[in-house]
Amino acid sequence: MSTNKASRFAATPEPPYYIVSFASVRTAGDNGYGAMGERMEEMALAQDGCLGLESARGADGFGVTNSFWRDEESIRAWKNVVAHLAAQKLGRERWYEQYKVRIGRVERAYDFQVDKGDALAEHVD
């Protein structure tokens, strides 16, 4: 599964699956962050067990990236990819004032969207 760029939402399967929530506050300036972020997104999406990701960052530097994973083993494998380890080190040295990582099991998921005919639709798993 991957991120649907048109909607910005990851196309996740029926639960259960896992979420890694990475919330951060950026330092000033890019300092290579943009290029590394794109590389890490591509690598994560190619990693076995990655189901997709969603990311947003505000003008104040606060951002959240949620990545979705098949199982905890897939999460551990991604955490230990050499290029990802290098990016984590650079993040602590250059790009982040603060960050928090939270990992959880998604037991239930549902969504909402307005249909093109302005009728409301909600999907509950």
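What follows draws every value from the coordinates through simple rules; no lab data is involved. Every value quoted in this text rests on a predicted model; they were computed, and no experiment measured them. Note: ideal-geometry Cβ built from the backbone for every residue, glycine included; neighbour counts use all protein chains shown.
Listed values, structure above:
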| read-out | value |
| --- | --- |
| Hz values of 3J(HN,Hα) by residue in the stretch 41-51 - Karplus curve (6.51, -1.76, 1.60), Gly and Pro given as x | 4, 4, 5, 4, 5, 8, 5, 4, x, 7, 9 |
| Residues whose placed amide H lies under 5 Å from that of residue 62, excluding near-sequence neighbours | 26 |
| Residues of the stretch 65-84 with amide N under 11 Å of a point placed 7 Å along Cα→Cβ from residue 23 | 65 |
| Lys pairs under 25 Å by Cα in the chain, provided they are eight or more residues apart or on distinct chains | 5 |
| Where labels lie 7 Å past Cα in the beta-carbon direction, separation of residue 41 and residue 105 in nm | 3.1 nm |
| Overall form of the stretch 17-124 per C-alpha gyration tensor (a/c, 1.5; a/b vs b/c) | oblate |
